[in-house]
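The values are calculated or read from the model by the stated rules, or taken from the named source; none is laboratory data. If you're wondering where the values come from, they're calculated on a predicted model, not measured in any experiment. Neighbour counts are summed over all protein chains in view; Cβ atoms, including those assigned to glycine, are modelled from backbone coordinates with ideal geometry.
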Amino acid sequence: MTEDITSLYCYVHPNRETSLRCNRCERPICSSCAVRTPTGYRCNECIRERQKAFNTAEWYDYLIGFGTSAGLSLITSIGLLLISRFLGFFMIFISFAIAGAAGVYISNLVMAALRKRRSSQLFWLAAAGVVAGALPIIFILLFSRNLFPIIWQGLYLFIATPTVYARLSGVRFSR
């Protein structure tokens, strides 16, 4: 009743003995090659295959995502500038509301323009487009020495940029 236990060796490092196996392809992997996932340990090749399935964006989607978010952000920044001329101090409340709604609206339109293709770089680029769209208005305000409305633009960027990123990437802050 003796069991013949054969030693397993990592498929990447043949000199390292291991007891781990990839839970997808069943290849033996050492602790330095193992990647922990919610369902168990996987090898680097299986992890790369899953990432390829997640990154579905084409090269032109980066241009569409950045251009759409920058254009819509420019329109929102111009709207904030025009509204701030009439409302003064109450603009702080208005800018919070506009920024949140604009972030949701921009992310929805970017998703529609991309036809739900995705990539982690694309999410960052769309968020950068929000900032790039507001920069011309901020520069105009700086050069005209009209510094008070820059506060509203800053609040807009502070709220809308992470909103766009979170909605595009699928980050959930509550259940």
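Observations on the model:
- None of Phe143, Phe158 is closer than 17 Å to Ile98 by Cα and loosely packed, with under 14 Cβ neighbours inside 10 Å except Phe158.
- The set of residues in region 137-165 that are over 22 Å from Asn108 (Cβ atoms) and either modelled with pLDDT of 95 or more or among the hydrophobic types (A, V, I, L, M, F, W, C) (or both) comprises Ile137, Ile138, Phe139, Ile140, Leu141, Leu142, Phe143, Leu147, Phe148, Ile150, Ile151, Trp152.
- Cβ-Cβ distances below 9 Å connect the following pairs, each with a first residue in region 106-125 that is assigned by TED's automatic domain parsing to the domain that holds Pro162 and modelled with pLDDT under 85, a second residue that is among the small types (Gly, Ala, Ser) and loosely packed, with under 15 Cβ neighbours inside 10 Å, and a separation of six or more residues or different chains: Arg118/Gly170.
Table: residues versus (1) of a type outside the set (Ser, Thr, Tyr); (2) farther than 13 Å from Pro149 by Cβ; (3) at pLDDT 90 or above.
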position	(1), (2), (3)
Gly67	yes, yes, yes
Ser73	no, yes, yes
Ile83	yes, no, no
Ile92	yes, no, no
Phe96	yes, yes, no
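- Ala57 satisfies every condition listed in (1) surrounded by 13 or more Cβ atoms within 10 Å (Cβ to Cβ); (2) within 30 Å of Trp152 (Cβ to Cβ); (3) modelled with pLDDT under 85 except (2).
- Residue within region 104-118 that is of a type in the set (Val, Ile, Thr) and out of contact with any Ser or Thr (no Cβ under 6 Å at 6 or more places or on another chain) present: yes
- Residue within region 58-79 that is touching a Phe, Trp or Tyr at 6+ places or on another chain (Cβ under 6 Å) and without any contact (Cβ under 8 Å) to a residue 40 or more places away in the chain present: no
- Flag if Leu168 is surrounded by 11 or more Cβ atoms within 10 Å (Cβ to Cβ), more than 19 Å from Gly65 (Cα to Cα) and either touching a Phe, Trp or Tyr at 6+ places or on another chain (Cβ under 7 Å) or at pLDDT 90 or above (or both): no
- The listed residue being closer than 21 Å to Glu58 by Cα and not in a helix (DSSP H, G or I), out of Arg167, Arg117: Arg117
- Condition met for Arg36 (within 27 Å of Ser120 (Cα to Cα), surrounded by 12 or more Cβ atoms within 10 Å (Cβ to Cβ) and either touching a Leu at 6+ places or on another chain (Cβ under 6 Å) or not small (Gly, Ala, Ser) (or both)): no
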